[in-house]
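Undergrad: Pasting in a structure now, in structure tokens, and then I'll have a few things to ask.
The values are calculated or read from the model by the stated rules, or taken from the named source; none is laboratory data. Worth saying up front: this structure is predicted, and the values here are computed from it rather than measured. Heads up: the accessible areas ignore ligands, DNA and RNA and are worked out on the full protein's heavy atoms, side chains in. Shrake-Rupley method; radii C 1.70, N 1.55, O 1.52, S 1.80 Å.
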Amino acid sequence: PTDGGTTRSGLPKRVPQAQLVPGGIEPSRGGRERTRRSPDDVRGLLSAYHRGVQRGRTAGTDQNHTSDKETR
């Protein structure tokens, strides 16, 4: 591993990509490429996530309510 030195408190500094095997990955052009999402796409993803969480919470409470009714 490549030595990145130490911090003022004596901890080792991390060297990005120092553990990669040469030729293991292809270098990307222009650095790290990120896909840009439109606000509508992000809103749709978050809405779907929220619906899933709500559906899970509802399913969890429905099971508790049905078990309470069965014991009465």
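Undergrad: Does residue 14 satisfy the criteria of being at negative phi, of a type in the set (D, E, K, R), modelled with pLDDT of 70 or more and open to solvent by 100 Å² or more (accessible area, probe 1.4 Å)?
TA: yes
Undergrad: Could I ask something else about it? With respect to residue 66, is the statement that it is modelled with pLDDT of 70 or more and of a type in the set (Ser, Thr, Tyr) true?
TA: No: the conditions fail for residue 66.
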